[in-house]
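Undergrad: I have a structure here, written as structure tokens, and I will follow up with some questions on it.
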Amino acid sequence: AQSVTQPDIHITVSEGASLELRCNYSYGATPYLFWYVQSPGQGLQLLLKYFSGDTLVQGIKGFEAEFKRSQSSFNLRKPSVHWSDAAEYFCAVGALETAGNKLTFGGGTRVLVKP
Amino acid sequence: DAGVIQSPRHEVTEMGQEVTLRCKPISGHNSLFWYRQTMMRGLELLIYFNNNVPIDDSGMPEDRFSAKMPNASFSTLKIQPSEPRDSAVYFCASSSRGKDTQYFGPGTRLTVL
């Protein structure tokens, strides 16, 4: 069975500073990896996804993530954080089964942005 | 497209009452997922359907929970009887078949008193 670990529960970053959120996964085959963002009181919005090919993936809102198979990681980065990036971020791994795609989510990392 | 639609957005009920949550997936999507989000357990997959057929319900907590998908554009999650520990945000998501992205609805915040 697949699993996802997000080691950081909370991260506080100053506006304009860089941000990196860690994600480690466990899955026996080539994983499908996702990052979602959840603003307070909202549903989850897809930031980016990795299925295959280039291991550096660009997403919306200036985010990118890098798939490192040797480290079983899929860390999310943003060079310069804006106050609107304050939210909770979820990493997920997908298992392509015969009848669908089942996602397993990490516990989330809450990002606070200081002015 | 309107996205995934869930109703109601908020539900407050008393212990023992029946609760029905509703979801309309994105048109053309044939996979539908129900999730529950709590502080203690995070985001958990409860059940998912493919082409209106339940594929995996291993995440359904107990017999008090049931889900149906009578057609491609509608699904319900029912809790009967409800208990305070069922209080959570329930999300519905849909995707095209296969490895495609899941799109989430805004969620239903359920409070059981």
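The values are calculated or read from the model by the stated rules, or taken from the named source; none is laboratory data. Nothing here was measured: the structure is a model prediction, and the numbers come from that model. As a convention, Cβ positions derive from the backbone with ideal geometry for all residues, glycine included, and neighbour counts pool all protein chains shown. The area values use the complete protein model at the heavy-atom level, side chains included, leaving out ligands, DNA and RNA. Shrake-Rupley method; radii C 1.70, N 1.55, O 1.52, S 1.80 Å.
Undergrad: Could you list, in sequence order, all residues of the stretch A:44-81 that are of a type in the set (Gly, Ala, Ser) and either surrounded by 21 or more Cβ atoms within 10 Å (Cβ to Cβ) or farther than 28 Å from A:Lys114 by Cβ (or both)? Spell out how you get there, then give the answer.
TA: Let us first name the residues in the stretch A:44-81 that are of a type in the set (Gly, Ala, Ser), namely A:52-53, A:59, A:62, A:65, A:70, A:72-73, A:80.
Within the stretch A:44-81, A:Ser52, A:Gly53, A:Ala65, A:Ser70, A:Ser72 qualify.
Undergrad: Considering only the stretch B:13-33, state which residues are touching a strand residue (DSSP E or B) at 6+ places or on another chain (Cβ under 7 Å) and either more than 24 Å from B:Thr111 (Cα to Cα) or polar (S, T, N, Q) (or both).
TA: B:Thr13, B:Thr20, B:Ile26, B:His29, B:Asn30, B:Ser31, listed by residue number.
Undergrad: For the stretch B:16-55, list the strands (runs of 3 or more DSSP E) that sit wholly inside it and hold at least 3 residues that are more than 24 Å from A:Val4 (Cα to Cα); which are they?
TA: On the way: elements: B:19-24, B:31-38, B:42-50.
The qualifying strands (runs of 3 or more DSSP E) are B:19-24.
Undergrad: Check every one of the strands (runs of 3 or more DSSP E) wholly within the stretch A:1-111 and list those with 1 or more residues that are touching a residue at least 60 places away in the same chain (Cβ under 8 Å).
TA: On the way: elements: A:3-5, A:10-14, A:19-21, A:24-26, A:32-38, A:44-50, A:56-58, A:64-68, A:73-78, A:87-97, A:100-105.
In the stretch A:1-111, the matching strands (runs of 3 or more DSSP E) lie at A:3-5, A:10-14, A:19-21, A:24-26, A:32-38, A:73-78, A:87-97, A:100-105.
Undergrad: Collect the residues in the stretch A:20-34 that are closer than 29 Å to A:Val113 by Cβ and either charged (D, E, K, R) or surrounded by fewer than 19 Cβ atoms within 10 Å (Cβ to Cβ) (or both), keeping them in residue-number order.
TA: Those that are closer than 29 Å to A:Val113 by Cβ and either charged (D, E, K, R) or surrounded by fewer than 19 Cβ atoms within 10 Å (Cβ to Cβ) (or both): A:Glu20, A:Arg22, A:Asn24.
Undergrad: In addition: Looking at the stretch A:82-98, which of the residues that are within 15 Å of the chain's Cα centre (by Cα) and open to solvent by less than 20 Å² (accessible area, probe 1.4 Å) is modelled with the lowest pLDDT? Full working, then the answer.
TA: Residues of the stretch A:82-98 within 15 Å of the chain's Cα centre (by Cα): A:85-94.
Still in the list and also open to solvent by less than 20 Å² (accessible area, probe 1.4 Å): A:85, A:87, A:89-94.
On the way: A:Asp85: 96, A:Ala87: 97, A:Tyr89: 98, A:Phe90: 97, A:Cys91: 96, A:Ala92: 93, A:Val93: 90, A:Gly94: 84.
The selected residue is A:Gly94.
Undergrad: Looking at the stretch B:41-50, can you tell me whether even one residue there is farther than 23 Å from B:Arg97 by Cα, free of Cβ contacts under 8 Å to residues at least 40 places away in the same chain and within 12 Å of another protein chain (Cβ to nearest Cβ)? Can you show your working first?
TA: Looking only at the stretch B:41-50, we keep the residues that are farther than 23 Å from B:Arg97 by Cα, and these are B:41-42.
Retained after the next criterion (residues that are free of Cβ contacts under 8 Å to residues at least 40 places away in the same chain): B:41-42.
Applying the additional criterion that residues be within 12 Å of another protein chain (Cβ to nearest Cβ) yields B:41-42.
Taking every residue of the stretch B:41-50 in turn, at least one turns out to be farther than 23 Å from B:Arg97 by Cα, free of Cβ contacts under 8 Å to residues at least 40 places away in the same chain and within 12 Å of another protein chain (Cβ to nearest Cβ).
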